[in-house]
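To start, the structure itself, in structure tokens.
The values are calculated or read from the model by the stated rules, or taken from the named source; none is laboratory data. Model, not experiment: these values are computed from the prediction. FYI the Cβ positions are ideal-geometry reconstructions off the backbone, even for glycines, and counts take in every protein chain you see. The area values use the complete protein model at the heavy-atom level, side chains included, leaving out ligands, DNA and RNA. Shrake-Rupley method; radii C 1.70, N 1.55, O 1.52, S 1.80 Å.
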Amino acid sequence: MPIRRAKVHGTHGEVIGHRAVRDHVALRPLPQIPYAVTQRHLRHVGKDCLVAFDANLYSVPARKVRPRQLAEIRATKSQIMLHSTVPDQYGETLLASHPRAVGRGARIVDGKHWDGLPRGDNRRVTTGDVPPQPRHRDALGAETGPLMALLNRAAATRVEVGRRPLSVYDELTGTRPFTIKPTPEDPR
């Protein structure tokens, strides 16, 4: 060891022992608080104020985000912290903090985060279990079903059109229908 420390290193050109002393002086004691190892990712916020990460969903406050907004995820071994990419008026970026889900397919939701979302009783959001209602009540005929409700939503459904047999169009264009008339040579 003493022989090796007295040699000049080939890369940095210094005596190895002198460089070692200088390096040891530069080292500081370990900090009292351990260094937190985090993963950092960017994800989009959904319409339901949920952010997908690691096959799980985590909620963010509806009043602080908008759909498709980017959110930064800082994930430790036990915690998920969701941050806005732009600080608010107080300089804060933290939107929410959740315990990290174990496994896949979990929904970690704080109910208070959904304050401000539409309830589903207006046009912005619907639950899908009720067929859409037509915009004009007088458009409904005797037949009222989901298909008619969809068809009656458009104003074009109330425009009267002329009804005529398709043979009229054949006469106008000079074509005949694709029927084969029997000929005397070929009686079919």
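Please list, by residue number, every one of the chymotrypsin sites (Phe, Trp or Tyr not before Pro) in the range 2-83 that is coil in DSSP and has at most 13 other beta-carbon atoms within 10 Å.
Within the range 2-83, the qualifying chymotrypsin sites (Phe, Trp or Tyr not before Pro) (loop, at most 13 other Cβ atoms within 10 Å) are Tyr35.
Under a 1.4 Å probe, what is the accessible area of the range 25-83 per residue, stated in Å²?
Here the residues of the range 25-83 average 71 Å² of exposed surface.
Just to make sure I understand: if all protein chains stay in place, what is the order of Tyr90, Tyr169 by accessible area at 1.4 Å, largest first?
Accessible-area ranking of Tyr90, Tyr169, largest first: Tyr90, Tyr169.
Give me the percent of the accessible area of the range 32-117 that comes from carbon and sulfur atoms, probe 1.4 Å, all protein chains in place.
53 percent
Under a crude label model (7 Å from the Cα following the beta-carbon direction), how far is Met1 from Glu160 in nanometres?
For Met1 paired with Glu160, the spin-label model returns 10.8 nm.
Any chance you could look up the accessible area of Leu30 with a 1.4 Å probe, heavy atoms only, rounded to 10 Å²?
That residue has around 150 Å² of solvent-accessible surface.
Which residues in the range 40-74 place their backbone N less than 13 Å from a point set 7 Å from the Cα of Ala106 along the Cα-to-Cβ direction?
The answer is 53-59.
On the full set of protein chains, 1.4 Å probe, figure out the accessible area of Glu72 and give it in Å² to the nearest 10.
Spelled out: Glu72, probe radius 1.4 Å, area about 30 Å².
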